[in-house]
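The values are calculated or read from the model by the stated rules, or taken from the named source; none is laboratory data. The shown structure was predicted, so the numbers you read here are calculated from the model rather than taken from an experiment. Note that we place each Cβ from the backbone using ideal geometry, even for glycine, and neighbour counts take in every protein chain shown. Accessible surface is based on the protein model in full, side chains and every heavy atom, while ligands, DNA and RNA are left aside. Shrake-Rupley method; radii C 1.70, N 1.55, O 1.52, S 1.80 Å.
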Amino acid sequence: MINFIDKKIENYCVSKSSRPSKYADKIEIFTKSSVPRSQMLTGKMEASVLGFLIRISGARRVLEIGTYTGYSALAMAECLPKNGVVYTLDLNEETTALAKRFWAKSPHGKKIKPVLGPAKKSLSKIKGKFDFIFIDADKVNYLDYFKISLKMLTKNGMVAIDNVLWSGKVLNPKDKETKAICALNNYISTQKGLYKTLLPVRDGIFLVKKVPN
């Protein structure tokens, strides 16, 4: 994954920002040392952005599509009130089990509810609306996840989508994952009922909010 911002500048920004707890740090350290494809980890800078959005929105119910080792789920749970909840969806039993072991060590872990299985199937079973939805799963299904997420948002809810710059490959899409991300980006950009901002944070975060007609 390409670093769009100089690493020293990013580290400086992280050092001045609110960051996830030591419990999340332990997930990050273990993932980078022991889990394949550790570049999938959200990381401190993006976690700080997600936490800020959750706090200013007053979110209580969060949905995450793509758990991996549980770093982002815990980082978001730490920014929720005591009665807040994070539903996090993933297909991988091994990494989800790993995440649950780390969550159990945190006082905020009880706010997290993991859901195992194919995301589309899981989404059809989850009841209620969500104040904040974070999409960070398989890219080929990004557009489907987004369309489903819009229907699950509360009136003032927000969707955040990760990896929408895909290491810059969106400028010259060739493989199916990049083309899927471009299809998502193009779709969002043409929807009049949405307010959207694509930020060059980490690998790109698309922020989307419904606006009144």
Quiz prompt | Check: the chain dipole with +1 on Lys, Arg Cβ and -1 on Asp, Glu Cβ, in debye | solution = 680 debye
Self-check item: trypsin sites (Lys or Arg not before Pro) lying in DSSP loop within segment 140-213, provided at most 14 other Cβ fall within 10 Å
Solution: LYS174, LYS192
Quiz item: Within segment 144-213, what is the number of lysine pairs with alpha carbons under 14 Å apart, leaving out pairs fewer than eight places apart on the same chain?
Solution: 11
Exercise. For segment 4-100, just run the numbers: alpha carbon Rg, then divide by 2.2 N^0.38 Å, N being how many residues it has.
Key: 1.08
Quiz item: Where Rh denotes the Kirkwood radius from the mean inverse Cα pair distance, what is Rg over Rh for the chain?
Solution: 0.93
Practice problem: Over the chain, give the accessible area per residue in Å² for a 1.4 Å probe, as an integer. | Solution: 53 Å²
Self-check item: Structure-based [θ]222 nm, the chain - -39500 (n - 2.57) summed over DSSP H runs of at least 4, per residue, nearest 500
Solution: -12500 deg cm²/dmol
Quiz item: So, with a 1.4 angstrom probe, what is the percent of accessible area on segment 1-113 that is carbon and sulfur?
Solution: 55 percent
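Treat every Asp and Glu Cβ in segment 169-213 as -1 and every Lys and Arg Cβ as +1, leave all other atoms uncharged, and give the resulting dipole magnitude about the Cα centre to the nearest 20 debye.
That gives a dipole near 120 debye.
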